[in-house]
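Remarks on the structure that follows.
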Amino acid sequence: MAGPQARLPPEEGASRGGRLARLPRRAPLWPGGALRSRRDRRKGRDEAVAQVTGATRKRTKVAIVGGGPTAATAPLADRSWEIWTFGRAKRPVARYDRWFEMHSVPQLKALRGDRRTKMRYPEYWRFLRRLRCPVYMQKRFRDIPASVPYPLERAIQEFGRCFTSTVSYMIALAIMEGCTHLGLWGIDLTDQEEYLYQRPAVEYLLGVAAARGIAVVMPPSCTLTVPLHPRPVYTKVLYGYDWDHPGAWWNRRKKNQRKEKAGKENQGREKTKAAPAAGKGEGGAPRRKRIRKRTRKRTK
């Protein structure tokens, strides 16, 4: 993407033009700096960050940007949109105002991916520590100065236990903050597992947003739909928070993958045992050599 926004460093792209840009590079957001007043502590870290970034007062357009193909059409150059993003990609979007990481530390350590495109845990944790924008997580971490605990209880009270992906948490927070426009770019949900388990909750929350008068914006190629009459979606397993739950779909998928792998290995062993020694005659000697020896004796 052309333009000055595409050339901004990731850790500085969110802070240009805001109050955070005047903070020292290594100065923590918590508990000192601009957020150490009693008034900010009384209101809570979440609201304090929103005031510093101007999220609730100035910007009313929220763009949730993922890693799908349609992320290239996201309005990164339009400053009227606040960019929310997530993921472990080594090349994140050029500008972002908030970051979301809803996995716990043990989950992040267990996550795998292509090293060429995905950051592993040590590298990704260092990346989160350098961020100068609010980082929404399950709880506040001292190692990550900009970490903000996600308001889970409030979200459940307002929308129910419907959160099956990071995107669903992001949509719920945007609705609770009263945005006027909600856009999704790079959220394609084309994988079969994502389609089955994550898509219903995302579409339900989009329907809630539209019912409350929020303009939902998506690229034409996006396959997500906005229902006119959204039906609540319920899940026993909250994404991220209940990661070790045996009923979680990702744990069931891992279990099925292990069973398939073990079954293939057993089939391979049975085939090798049942198959005869191909190309060998009696005594284990190759047939061709035995035939050649016989022909030589006859000629003599």
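The numbers here are math on the coordinates, done by the rules we state, and not lab data. Predicted, not measured: the structure shown is a model, and the values here were computed from it. Positions of Cβ are generated from backbone atoms using ideal geometry, with glycine treated the same way; all protein chains shown enter the neighbour counts.
At what distance in nm do the modelled label points of Thr272 and Val216 sit from each other, each positioned 7 Å from its Cα along Cα→Cβ?
5.3 nm
Between Arg154 and Arg130, what FRET efficiency follows from the Cβ-Cβ distance if R0 is 22 Å, with the result rounded to 0.05?
Efficiency for this residue pair is about 0.15.
Could you work out how much longer the chain between Arg140 and Arg112 gets when fully extended? Use 0.36 nm per residue separation minus the Cα distance between them, nm to one decimal. Provide the component values of the computation, followed by the final result.
Details: separation 28, 0.36 × 28 = 10.08 nm, distance 2.37 nm.
Net length gain for the segment: 7.7 nm.
Leu196 to Ala262: extension gain in nm, 0.36 nm per residue of separation minus the Cα-Cα distance?
21.2 nm
Step through the table entries Lys90/Lys264; Lys109/Lys236; Lys139/Lys236; Lys61/Lys109; Lys118/Lys139; Lys109/Lys271, compare each Cα-Cα distance with 28 Å, and write down the pairs that go over it.
Over 28 Å Cα-Cα: Lys90/Lys264; Lys61/Lys109; Lys109/Lys271.
Using the per-residue mean of other Cβ atoms lying within 10 Å as a proxy for protection, in what order, highest first, do the peptides 163-171, 125-133 fall?
The packing order, highest mean first, is 163-171, 125-133.
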